[in-house]
Amino acid sequence: MDDAGIYAREIPGLERTVQIGVAGGRVISVSFPRDPDPGSRADHAVLDRIEDYFEGDRESFEDVTVALTLATDRRAVLEALRSVPYGESVTVERLARMTAGLDAEAADDLETVRRALAENPAPLLVPDHRVRDGERAAPAEVVDRLRAIEGIE
């Protein structure tokens, strides 16, 4: 995955496009616009896998390299989140416990988790939809669809 650029594909059943930005062999962004970027291309292996996910494949995306250009504490939260398995969910407090250097009893650390979730540059690949009581970077209807696909209530 070394093709830099913007890639987008309409996903059946989602009624939105999934758009990814790629640079240096890493995904730098995932978004869900109604209309794709006019200069985007549709042919990318990560989009193939995302389409398969929406068709019911149990895809974890753990092997997809995602560039997390956030402050170190927030990046650590999102890295910990990537370990939450398909179909499972956690709370903000549990995610704080999973993140090295954070204290789930400290209000500031719980706020760090919430900020990291809200600033997530690659929802789905960094599965913030698996956090029951946190912010999410994707639109609500996309989050609902992701949770439904994985059987998360």
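Values in this text are rule-based calculations from the coordinates and carry no lab data. Note that the structure is a prediction, hence the values are computed from the model and not measured. We place every Cβ from the backbone using ideal geometry, glycine too, and count neighbours over all the protein chains shown.
Tell me the residue from 147, 130 that is farther than 22 Å from residue 45 by Cβ, among the charged types (D, E, K, R) and crowded, with 19+ Cβ neighbours inside 10 Å, please. It would help to see each step written out before you state the result.
Details: 147 fails: crowded, with 19+ Cβ neighbours inside 10 Å.
The conditions single out 130.
Counting only strands (runs of 3 or more DSSP E) wholly contained in the range 1-48, the ones carrying 1 or more residues that are among the small types (Gly, Ala, Ser), in contact (Cβ under 8 Å) with a residue 24 or more places away in the chain and out of contact with any Gly (no Cβ under 9 Å at 6 or more places or on another chain) occupy 5-11. Scanning the range 56-75 for residues that are in contact (Cβ under 8 Å) with a residue 40 or more places away in the chain and of a type outside the set (A, V, I, L, M), we see that the one that is farthest from residue 99 (Cα to Cα) is 56.
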